[in-house]
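Take a look at the structure below.
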Amino acid sequence: MASADQPTVDELREEATAFLSANAELKADEDKPFVWGEGDDDSALFEEVDREVELQQLAEAQKFRAKRYDAGLGWITGPKEFGGRELSQAHERAYSSVESKYSVPSGSFFGIGLGMVAPTILAHAQDHVKERYLPALHRADIVGCQLFSEPGAGSDLAGLTTKAERDGDEWVVNGQKVWTSGAHYSDIGEIICRTDPDQPKHKGLTGFVVDMKAPGVEVRPLRQMTGGASFNEVFFHDVRIPDDHRLGEVNAGWSVAITTLLNERASIGASGSGGGIGGIGNATRLIEMLRHFGLDQDKVFRDELARVYSGFQVAKWNNQRAMDKIKAGQAPGPELSGAKLSLTHNMQAVTEFVAKVLGPRLIANTGEWGTFSWAQFILGVPGLRVAGGTDEVLRKIIGEQVLGLPKEPGIDTTSPFKDLLKN
Ligand SMILES: Cc1cc2nc3c(=O)[nH]c(=O)nc-3n(C[C@H](O)[C@H](O)[C@H](O)COP(=O)(O)OP(=O)(O)OC[C@H]3O[C@@H](n4cnc5c(N)ncnc54)[C@H](O)[C@@H]3O)c2cc1C
């Protein structure tokens, strides 16, 4: 039986419906069958808006998230002491399923802050830091970013060289991060720095929460091949971080980074569970494309389409298995590396399928519905194959941690970092 502050899943669904009915519009074409040539044919994986429009969209998204939080629906599974509702993943899923029927502002601005930074703060920060940032992140009063990758440290993250040196109750940070999604609109960042180069590579690292508006933080946009600039280089010139903003113990930053990376793979993998991003894995859309171009009876195309479809179905079930593990109170494990790998593998399969069907229509924009718009998807897929662990690195993790194959040779766990060859 549900108590006053512990609704059943059905009651939560009713709450969600009441909140969303009052604050958002039902999607008009929710149950409308797909018809070739009708509606929006956008297939882009990355937002390609200019900075001004992006800021307007962010403000709208923040406004909506604040209302959602104030209605008790902003952090359904979080601990009560930090502003959550302490309900189950099933309650969270119920909310998401109701919300998917409504047109709400994009939540993409908050993916990193809520999916990666907040869980790491919850696991590793001091209580007053949790109190300060967790409700604010979930209410979208602030936005978070992930400051891990550097020009010489991506897959080999433990090779990072941005340094933090202790100065009394503060740390002074100098160095450069790269590919920082959303740094240009973020208020805080989770940063991993080298705090002791005399220790072996994975041991002299420390995590912090850094104020992105602090003096000495310089954010420069990077232009990607899809046209937009969702990523940045971030330079740190003598940036000061109070010691109480440290995540975990000094020189124990590797386990802090692992917390974030496991949550990152969980978020990216989960995003592909519903049949593909933006309905890309939705077979109807691809079948109608074949039909439109008179290829629906072609045995080769039919066979390829069946493969694409099966790939998405298998990924969906596999992902469900991983989510059930989390639901049962177990930590997200290496199978989520499999979920992310399946997602990008399936997207690559869609890319190849669509390229064969559309051919030169992908190169020049003739204005024909549902053709050139796929170019944005195709140009975006390589980015997803790199973000959150490249395909090759995920295969390595699966080989070593899931299949129990011998570990890759060459990781020096004893020499001081300062004596190792650098990228
Ligand atoms: C869309 C996108 C968003 C991103 N957002 C962020 C962000 O917000 N914050 C952040 O910190 N970073 C972010 N990144 C960076 C991302 O984490 C790195 O790009 C990624 O870890 C790969 O690192 P790298 O680019 O340095 O490539 P490298 O590590 O240099 O890899 C180059 C190539 O070598 C291969 N390779 C490397 N090591 C091995 C190995 N051991 N075995 C086999 N092959 C290997 C890789 O698979 C790849 O093909 C983002 C990247 C993308 C594309």
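All of the numbers you see were taken from the coordinates with simple rules; none came from a lab. Because the structure is predicted, anything quoted here is derived from the model rather than measured. Glycine also receives a Cβ, built like all others from the backbone with ideal geometry; neighbour counts cover every protein chain displayed.
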| note | Helix 253-271 sits off the longest principal axis of the Cα atoms of the chain, rounded to the nearest 10 on a 0 to 90 degree scale, by 10 degrees
| task | Calculate how steeply helix 335-358 sits against the longest principal axis of the alpha-carbon atoms of the chain, using the helix alpha-carbon long axis, and give the answer as 0 to 90 degrees to the nearest 10. | result | 40 degrees
| request: Output the peptides 312-323, 199-210 sorted from most to least packed, where packing is the average of other Cβ atoms within 10 Å over each peptide's residues. | output: 199-210, 312-323
| task | Find how much the distance from ARG93 to ASP296 grows on full extension, using 0.36 nm per residue of separation minus their present alpha carbon separation; answer in nm with one decimal. | result | 69.5 nm
| note | Rounded to the nearest 10 degrees, the helix 89-99 long axis (Cα) sits at an angle to the longest Cα principal axis of the chain of 50 degrees
| Computed helical MRE - 222 nm, the chain, DSSP H runs ≥ 4 contributing -39500 (n - 2.57), nearest 500 | -13000 deg cm²/dmol
| query | Going highest first, how would you order 402-409, 147-154 by mean Cβ packing within 10 Å? | reply | 147-154, 402-409
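Quick one: grab the alpha carbon gyration tensor of the range 161-269, order the square roots of its eigenvalues as a ≥ b ≥ c, and give me rounded if a/c is under 1.5, else prolate or oblate depending on whether a/b is larger than b/c. Please report the intermediate quantities before stating the final value.
Details: a/c = 1.93, a/b = 1.33, b/c = 1.45.
The shape class here is oblate.
Could you please rank ILE398, ILE121, ILE241, placing first whichever residue has the fewest other Cβ atoms within 10 Å of its Cβ? Spell out each step's value before the answer.
Numbers: ILE398 16, ILE121 28, ILE241 21.
With the sparsest Cβ surroundings first, the list reads ILE398, ILE241, ILE121.
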| Among rounded, prolate and oblate, which fits the range 110-176 when a ≥ b ≥ c are the square roots of the eigenvalues of its C-alpha gyration tensor, a/c under 1.5 means rounded, and a/b larger than b/c means prolate? | oblate
| query | Quick one: Cα centre-to-centre distance for the range 145-191 and the range 224-261, in angstrom? | reply | 4 Å
| request: Can you pull the one-decimal nm distance between simple spin-label points at LYS32 and ARG321, each 7 Å off the Cα toward Cβ? | output: 3.9 nm
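Report, to two decimal places, the Cα Rg of the chain normalised by 2.2 N^0.38 Å (N = number of residues).
Details: Rg = 22.6 Å, N = 423, 2.2 N^0.38 = 21.9 Å.
Compactness ratio reported: 1.03.
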| task | Take the range 105-230, drop everything but the C-alpha atoms, weight them equally and run the Debye formula without solvent; then report log10 I(q)/I(0) at 0.15 Å⁻¹ to two decimals. | result | -0.74
| message | Placing unit charges on C-beta atoms (Lys and Arg positive, Asp and Glu negative, everything else neutral), compute the dipole magnitude of the chain about its Cα centre in debye, rounded to 20. | response | 880 debye
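State whether the range 31-96 is rounded, prolate or oblate according to the following rule on the C-alpha gyration tensor (a ≥ b ≥ c being the square roots of its eigenvalues): a/c under 1.5 gives rounded; otherwise a/b larger than b/c gives prolate, and the remaining case gives oblate. Present the calculation step by step, with values, prior to reporting the outcome.
Working: a/c = 3.11, a/b = 1.54, b/c = 2.01.
Taking the square roots of the gyration eigenvalues as a ≥ b ≥ c, the range 31-96 is oblate.
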